[in-house]
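Down below is the structure, laid out as structure tokens.
The values are calculated or read from the model by the stated rules, or taken from the named source; none is laboratory data. Remember, predicted model here, so these are calculated numbers, not experimental data. Heads up, the Cβs are rebuilt from the backbone with ideal geometry, glycines too, and the neighbour counts pull from every protein chain shown. To get the accessible areas, we keep the full protein, side chains included, count just its heavy atoms, and leave off ligands, DNA and RNA. Shrake-Rupley method; radii C 1.70, N 1.55, O 1.52, S 1.80 Å.
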Amino acid sequence: LRAQVDVATYSADVLSQQNQIDTSRVALLKYMGVSQDSEISFSDVLEFLPMRPIFERAVEIASGLRPDLRQAHLTARSSEEAVKIARSAFFPAVSAMLEQDWSDTTNRTSFRRNRWGAGLGASMDFGIDKFGNLEEAKAEARKSHIDILNREEDMLHEIRQQMNTLANAEEVVRALEV
């Protein structure tokens, strides 16, 4: 009875592995961009070569290649520049104006026919009312730096997961070789 149960269990495992082979074959054909009706035949021996990536090197490579991390760094730099722009509003701004007016009067009773006028003005703005803009820019910069940290943590998590997957696959291959 125990042997029959083991045979039934192994039969179910064989069926599960055959289904996984078929699923992997379909995924490979789809990835290659060929018809699902295509046949696969190996032209060479499939040899297992263990891969031992170094975690620090994998992180270094991923840091330079991940577009989401690059985008986060660009956003952070942009928000830091926005803080600088918001700070610049607090520097006094001086404006000067010169106005000239030349007119010809058509009033015949006037003693002066031509009239000339000039005006001069200056103003200074201290930007005290722009404090809210500065705080908003600082908050956006902090948010973008937190986003970088989150993306780096996600990257580290994904790299660790993939390295563990590689280690597990290596153990499965060793077990199958035995």
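Where does the longest stretch of the chain lie that holds no trypsin sites (Lys or Arg not before Pro) found in a DSSP loop with 11 or fewer other Cβ atoms within 10 Å?
The longest uninterrupted stretch comes out as 1-107.
If I compute solvent accessible area with a 1.4 Å probe over the protein chains, what percent of it on segment 1-40 is carbon and sulfur?
58 percent
Just to confirm the filter: which chymotrypsin sites (Phe, Trp or Tyr not before Pro) across segment 5-55 are DSSP coil and have at most 12 other Cβ within 10 angstrom of their Cβ?
42, 48
Could you work out the longest stretch of the chain that avoids the GluC sites (Glu not before Pro) located in DSSP loops with at most 15 other Cβ atoms within 10 Å?
It runs 48-178.
Tell me, in nm to one decimal, what length is gained between residue 90 and residue 5 on full extension, where the rule is 0.36 nm per residue of separation less the Cα-Cα distance?
22.4 nm
Using just the Cα positions, wrap segment 1-160 in a convex hull and report its mean projected area in square nanometres, one decimal place.
26.5 nm²
Suppose only helical runs count, i.e. DSSP H with n ≥ 4. What mean residue ellipticity at 222 nm does that imply for the chain under -39500 (n - 2.57) per run, divided by all residues and rounded to the nearest 500 deg cm²/dmol?
About -22500 deg cm²/dmol.
Give the total of Lys-Lys pairs in the chain with Cα-Cα distances below 22 Å; include a pair only if its members are 8 or more places apart or on different chains.
The number of close lysine pairs in the chain is 5.
In terms of solvent-accessible area of protein heavy atoms at a 1.4 angstrom probe, what is the ranking of 5, 173, 178, highest value first?
Result, largest first: 178, 5, 173.
Over the chain, with the other protein chains present, what is the accessible area per residue in square angstrom, probe 1.4 angstrom?
86 Å²
Along the Cα→Cβ direction, 7 angstrom out, place labels at residue 20 and residue 149. What is the inter-label distance in nm?
4.0 nm
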